[in-house]
Structure formats: C-alpha cells, structure tokens
Amino acid sequence: MTDTREVGAALRSVPRQLREDLLGARAFGPLPDPGPRPGWRDWQPVVVLLTVICAVFVGAMGVDTLIWESGLGQVYGTLLGVLQAAALVVAVFRPVPAWWVVTLVMVVVARTTEAGAGRDVLFPWTGEGMALQAGVLFLLALRVRPRAAVGALAISLLAGAACGLSVTTAHHSDVTRAAAVLTVAVVVGAALRGSQVARTELVVQTGITADERARRTLLEERNRIARELHDVVAHHMSVISIQAQVAPHLVENPSEELKENLAGIRGNAVDALTELRRVLGVLRSEDALSESVRHTPQPTLDRLDELIGTVRGAGLAVTARFTGEPRPLAPGVSLSAYRIVQEALSNVMRHAPGAEVRVEIGYLPSRVVVRVVNSAPERAADPPSTDAGHGLLGMRERTAMLGGELAAGATPLGGYEVTATLPTEEAT
C-alpha cells in the first residue's frame, strides 16, 4: 500500500515538475555551467561559432523549403525560417525559450501549410525544421536535468503527432523519423551532460580528499609534536616528584607542616605524571615505534654536533656557525630548534643532493634564530619516498606553537633557505 501511494504521488508530481522545468522563471533565465573548467565558458565561443554556421546554412535551406515547397510565400517563409535558425543560436544561452520557439514554429508551419502541401512534402516537420529542432533539443539536454529534456522531447513529439493526425488530406508523414532523430539528439545531449556532471563531482571529491589529506597530515604532525613535548613535561614532573621526596631529608628536624606540604607536592606530581602517561597512551595508540625508541630522551640543541656529524657521514657537506652567547634554553624551545634543523637537513638530502649546507644558530636576548641555507643541487633529486616527513608543515607547527616566525623560500642562486625565530625564556 505504501509503495502504491509513493508511486501515485510521484506520478502526480510529474506535471508540476515539468511546469517548473519548462515554464518556471528559472527555465527562462541563465542556466549554470554544465561542467568544471576547462568547461562550458571556455568552449562557449567555439560552440557559438559552430552553431551560427549551422544555423545559417540549415536556415537558408529551410527558408527556401518553406517558400517554394510549403507555399508560405517569401515574407512568411523567410520570417518563420529565420525564427527557426535563430532559435538554434539562442539555445546556446537560453535553451528552454529556444525550444518553445522552434516547437511553436513547427506547429504554425504545419497548420498553415497542411491544406496546400503535396503528398511528397514532409509533414508536419520539414527536413530542415527537424534538423534545427534536433539541434535545439541537443543543446537543451546538455544544460537541463534529464527529466526536463525528456519532457521537452515528449511535448515535441506529441505536438508533431497532433499536427500529423489533424489533417484534411494524406501527407508524407515523418513523425516516426522525427521521433528517432529527436530522441537520439536528447539521449546524446543527456549522456554528455551526465559525463560533465560526473567530472564536476570528481573535481569536488578530489578537492575534498586533498583537504582531508592535508588535515590528516596536520593532525599527525601535531600528535608527533605533542608526544615529544609530553616527554619534556614528564621529565620535569619526575624531577619535581623526586625533589619533593628528598627535600625532607635535607632539612634538620623538618616540621610536620613541611613534610605534609612536600608530600602533597609529590602526590600531585605523581598524579599529574600518571595522567600524562595516559595521554601519551592515547597519542601512541596507533604508533608502531619500538619501546626503546619511545623511551629515548628527546634531543636538544646540545646534540646538534652529533646530528651534523651524522649527516656529514651520509655525504652532505655541512658547516655550523654559532653567534651570540650560548645559554640554556627552555626544553620545548631547544627541542623545536633541534627538530627544525633536523628536518631542514633531511629536506636537503632528499631534494638537493650534492648541495652544501650552512647551519647558523644565533642567540639573541629574547629569542634564538635558526637558519639553514643550502646551495643549488649538483644533480636531480630522486623521486620522493612514501615515508618522507612532513617538512615545512612540521616546522611551521613548531614555530607557531612557540609564538615564533618561520620564513622559507628559494635563494637567488638556486638554493633554499629556512629561517625560524623562536622566543626564548631563560632556563632556571
């Protein structure tokens, strides 16, 4: 019962939908582009030119047919023939109004020439009129929904069949031939439109996929940074806990209040460390790193010489230069500076084989400046591997996390430069 009602409701809605598609305000206004770029706007001048050529050629033949074979006379034959040809050109921009024009012209021609048309004259369509109406229906099917194109085809065929039935004498009926020609035009137009719509959806889905991939990459990099910072924070909490436990033994005859407060500090530190470990478990739930790597202390700028020695061993020519007065940095700042240098050197090895690299660390009163510059590569780089790091994305995230600034770009000599300015705090 429910299915029957749904079918009945769908059938009752068909006239309303056709009225909206073929008589509504949107049908007579500009229609949206049928496909992505390079699409309708790019091809429109070519389509217009070809349509004008066809309209002029077929329209001239149609005028001749209407004047001499259908007996309309020069004035009416020329007027109606020009209307049919013009409708084909207008269909490029406004297919629905053009279809109405060419259909009404067909009906007018059939009704005014029926009495005087001979048995050998095609009726109700002339050959040129059929071709022009097929062209208009093709352009309409390219620009509107399939249901509207099918509705226009049905109305065209019904109008032709009605004209073919209401005759006073026998004629050379071409309704069957017109049905085949017009149907092919609509089917081809609708198929091309479907292909254009599919390409549009593919472009949209590709954009969505790219956005999701970029978002996933960003989240992965932030998770990696969060895991590293967890280790830094966990170290500090462990130190606090140990200091709070040892402090009572460093004071002669500590009061109960002091013991109680230090015990509270140690308890809070232990609780915080437990929660941090739980957070780390969530962040590392899909991490395939080994336990030994997970528990390795996070590197700082103190290990920069070791990093440079490693990349030199891999064949990269690296020089390091320090300016300013080196001083202890906050662990997060030192870790971020180290990772920025590490990622920059990795990028050079991947993308600029044979280049010379200069690493500069500048200590300023309120910030540290990390600068990595490489010369032009000596040879073309190998295709990037699928497990390459996140490169500049990670550098930007680390810099932004500290409220710093990152500048990266090509140098005039064909190399590349990365400069990160990180705010610092004196370590206590």
Worksheet entry | Leu202 versus Ser366: modelled label distance in nm, points set 7 Å from Cα along the beta carbon direction | 5.5
Worksheet item: Which FRET efficiency value, to the nearest 0.05, is calculated for Glu20 and Arg222 with the Förster distance at 41 angstrom and r the Cβ-Cβ distance?
Response: 0.25
Item to complete: Can you bin the range 151-192 into rounded, prolate or oblate? Criterion: square roots of the alpha carbon gyration tensor eigenvalues sorted a ≥ b ≥ c, rounded for a/c under 1.5, prolate for a/b above b/c, oblate for the rest.
Response: oblate
Worksheet item: Excluding ligands and nucleic acids, what accessible area in Å² is computed for Ser238 using a 1.4 Å probe, to the nearest 10?
Response: 40
Discussion item. Could you report the accessible area of Phe322 in Å², rounded to 10, computed with a 1.4 Å probe on the protein chains as they sit in the structure?
Written reply: 100
Worksheet item: Of the listed peptides 60-67, 157-164, 333-340, 401-408, what is their order by residue-averaged count of other C-beta atoms within 10 Å, with the highest listed first?
Response: 333-340, 60-67, 157-164, 401-408
Response to the item:
Zone reached by a paramagnetic label modelled 7 Å from Val184 Cα along Cα→Cβ, restricted to the range 134-174 with backbone N below 15 Å, covers 134-138
Response to the item:
For the range 82-173, shape from the Cα gyration tensor axes a ≥ b ≥ c, cut at a/c of 1.5 then a/b versus b/c, turns out prolate
Discussion item. Between Arg321 and Arg379, how high is the FRET efficiency from 1/(1 + (r/R0)^6) when r is the Cβ-Cβ distance and R₀ = 41 Å? Nearest 0.05.
Written reply: 0.95
Discussion item. With the crude spin-label approximation of a point 7 Å out along Cα→Cβ, what separation in nm comes out for Glu306 versus Arg177?
Written reply: 9.0
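Ranked by accessible surface with a 1.4 Å probe, highest first, in what order do Val46, Val89 come?
Values: Val46 70, Val89 40 Å².
Putting Val46, Val89 in descending order of accessible area: Val46, Val89.
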Response to the item:
When every protein chain stays in place and a 1.4 Å probe is rolled, Glu343, Glu212 sorted by accessible area with the largest first are Glu212, Glu343
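Is the range 309-355 best put as rounded, prolate or oblate by its Cα gyration tensor, with a ≥ b ≥ c the root eigenvalues, rounded for a/c under 1.5, and otherwise prolate when a/b is larger than b/c, oblate when not?
Prolate shape, in that a/c is at least 1.5 and a/b is the bigger ratio.
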Discussion item. At 1.4 Å probe size, put His249, His351 in order of accessible surface, largest to smallest.
Written reply: His249, His351
Worksheet item: Taking the Cβ-Cβ separation of Ser195 and Ala314 as r and a Förster radius of 51 Å, what is the calculated FRET efficiency to the nearest 0.05?
Response: 0.50
Item to complete: Run the 1.4 Å probe and let me know the accessible area of Tyr363, rounded to the nearest 10 Å².
Response: 30
Item to complete: Describe numerically, in nm with one decimal, the distance between label points set 7 Å from Cα along Cα→Cβ at Ala400 and at Val239.
Response: 3.0
Worksheet item: So, by mean Cβ neighbours within 10 angstrom, what's the order for 176-185, 410-419 with the highest one leading?
Response: 176-185, 410-419
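The values are calculated or read from the model by the stated rules, or taken from the named source; none is laboratory data. None of these values were measured; they are calculated from a predicted model. As a convention, Cβ positions derive from the backbone with ideal geometry for all residues, glycine included, and neighbour counts pool all protein chains shown. Surface areas here come from the heavy atoms of the whole protein model, side chains and all, with no ligands, DNA or RNA. Shrake-Rupley method; radii C 1.70, N 1.55, O 1.52, S 1.80 Å.
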